[in-house]
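No value in this document is a laboratory result; all are computed from the given coordinates. Small disclaimer: the values here were computed from a predicted structure and weren't measured. For neighbour counting, all protein chains shown are included, and Cβ atoms are generated from backbone atoms with ideal geometry for every residue, glycine included.
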Amino acid sequence: MGDSETPSWGRVADNVASLIPESPHRTQEGKPRLLIVGAGMMGREHLRVTQQLGWAEVQGIVDPFNSSIEWAQSDWARLSSQPLQVYADLRDACLDSAVDAIVICSPNHTHYDVLKIVCESGKPILLEKPMATTLVDAMEVLRLASEYPSVIQLGMQYRFKAQYVEALFEIRAKASLGPVKTVAMSEYRPPFLDKVNQWNKFNRHSGGTLVEKCCHYFDLMNVIAASRPKKIYASGGRGVNFLDFEWQGVPSDIDDHAMVIIDYANGIRASFTLNMFCQELYEELVVVGECGRLVASEQASFHPDTPSEARLQVEVPGHSAYRPQGVGYPPWIEETGHYGATFFEHIAFHRQLAGERVDAATPQQALWSLIVASAAQYSMAIGQAVDVAAFCTQEGVGDFFEDSEVG
Ligand SMILES: NC(=O)c1ccc[n+]([C@@H]2O[C@H](COP(=O)([O-])OP(=O)(O)OC[C@H]3O[C@@H](n4cnc5c(N)ncnc54)[C@H](O)[C@@H]3O)[C@@H](O)[C@H]2O)c1
């Protein structure tokens, strides 16, 4: 995105300018000390962000896989001269008085079991997306969260990507677009990356592609629509990727493309397109209201040293971004991972610990994103449109569907 040290435009520029210089959540010794549960790709991103932001210290990691521990230790040696404790037992690690807050970034199918143990600590938790791989487990996570004495923030950090920060600001300032009528999102990208034990190549471990990958987008669409999803139709499947892939003798069953249509109860119509057999990454959000159209896009690359670009366009007469504007964070922030989104997710966590209201996903919002993803996957499986209320009743989350607000 930008190649200067300053962000290029708008709301994002204000956020960078107001970066908090000091932590409001200090222990007596100083900064809060984090435990990272799962030291794989995302765990190492959390290590990096913590050090670059400087709001917390990393106390230690827990991971059953030796190679992940070694990679994390080698990353850590470049980031800090302080020791990184490797805990052998999750419960002992969580209950260690040297740990103040816990980041869970183990694979999707472990989230619920890991969370049950982590919750014994009563300490603040940042739980990676998706909250669980099934709606039944997600409901249990919600129950744990509702009784929990501290913060549980969900890792839907696409909310903090520069183009979506700007887009959500414009959409909420109703004077700009006016009441929203349609929302269209899409993601075109390369295939799933290698993971430890290839958990993301199997529906039973990831929850399925629309749960694993797309809960981020359904979260954003729910926030924009601010209404219950009423009817969902999805079509998709396995076109190109991992068709002959096996792991320990089990064939992959993961989908690589889908098209999803969502009718929201307030009349907003939404669509989502996923294609995972592309060379480069391109994401787009198009929102049309009574007064104009907004386009937020990101062109990025998985190839090293390839520039990326995020843009925002607001086609409302007189708007300063009527012609597309580049948006983005300074390179030192973007380089910490996910183009700076994880960095601002940590700032949100940090602020939540100080009791501030932030724009991070709550367990309820994470469950709404999982409901849309799961209903879409079910629609793909049965080849028919799904009534979301009936689907939720069938899946044991009917009361949540009736009683909770979206958005
Ligand atoms: N928010 C995002 O944009 C984003 C991006 C990537 C991944 N993620 C999420 O982060 C999580 C991890 O993904 P990843 O890409 O780092 O996968 P990964 O395979 O690279 O790393 C997962 C690590 O967890 C370890 N692990 C397995 N079981 C464990 C357990 N019971 N306790 C502790 N550690 C355990 C594995 O050994 C591995 O080192 C997933 O839930 C994934 O969906 C989120």
Quiz item: Check residue 151: other-chain or 5+ apart residues with amide H under 5 Å from its amide H, H built from backbone geometry?
Solution: 125
Exercise. State the antiparallel share, in %, of DSSP beta bridges confined to the chain, rounding to the nearest 5.
Key: 65
Quiz prompt | Difference of contour (0.36 nm per residue) and Cα-Cα distance, residue 204 to residue 306 | solution = 33.3 nm
Quiz item: When the helix-only estimate is applied to the chain (DSSP H runs of n ≥ 4, each -39,500 (n - 2.57), divided by the residue count), what is the mean residue ellipticity at 222 nm, nearest 500 deg cm²/dmol?
Solution: -10000 deg cm²/dmol
Quiz prompt | Antiparallel content of DSSP bridges confined to segment 13-156, in %, to 5 | solution = 5
Practice problem: Over 19 Å between C-alpha atoms is what I'm after, so list which of 129/174; 123/195; 174/230; 161/230; 129/201 land there. | Solution: 129/174; 123/195; 174/230; 161/230
Practice problem: For every other residue with a beta carbon closer than 15 angstrom to the beta carbon of residue 45, add +1 if it is Lys or Arg and -1 if Asp or Glu, then tell me the sum. | Solution: 0
Quiz prompt | Whole-Å semi-axes of the ellipsoid equivalent to the chain (Cα gyration tensor, √5λ, descending) | solution = 31, 26, 22
Exercise. Order these peptides, 11-18, 246-253, by their mean beta-carbon neighbour count within 10 angstrom, highest first.
Key: 11-18, 246-253
Quiz item: Using just the C-alpha positions of segment 77-216 as equal point scatterers, what log10 of I(q)/I(0) does the Debye formula give at each q in 0.12 1/Å?
Solution: -0.67
Exercise. Mind checking the full-extension length gain between residue 150 and residue 259? Use 0.36 nm per residue of separation minus the Cα-Cα distance, one decimal, nm.
Key: 35.4 nm
Quiz item: Quick one: Karplus J couplings for segment 127-136, per residue in order, coefficients 6.51, -1.76, 1.60, θ = phi - 60°, nearest Hz, x for Gly and Pro?
Solution: 9, 4, 6, x, 4, 6, 9, 10, 5, 4
Practice problem: Using the Kirkwood radius over Cα pairs, work out the Stokes-Einstein diffusion coefficient for segment 219-323 at 25 °C and 0.890 mPa s, in µm²/s as a whole number. | Solution: 147
Practice problem: List the pair-distance distribution P(r) of segment 13-156, using every Cα-Cα distance, as the percent of pairs falling in each 10 Å bin from 0 up to the bin containing the longest distance, rounded to whole percents. | Solution: 11, 42, 35, 12, 0
Quiz item: Under the definition of Cα pairs under 8 Å and six or more residues apart, what whole-number percent is the relative contact order of segment 244-335?
Solution: 15
Quiz item: Over segment 257-407, what number does the Rg to Rh ratio reach, with both radii from the alpha-carbon atoms and Rh per Kirkwood?
Solution: 1.00
Quiz item: For the residues 346, 111, what sequence is obtained by ranking on other C-beta atoms within 10 Å, fewest first?
Solution: 346, 111
Quiz item: So how much slack lies between residue 175 and residue 193, counting 0.36 nm per residue of separation and subtracting their Cα-Cα distance, in nm?
Solution: 2.3 nm
Quiz item: Which whole-number percent gives the relative contact order of the chain, counting Cα pairs below 8 Å spaced six or more residues apart?
Solution: 22
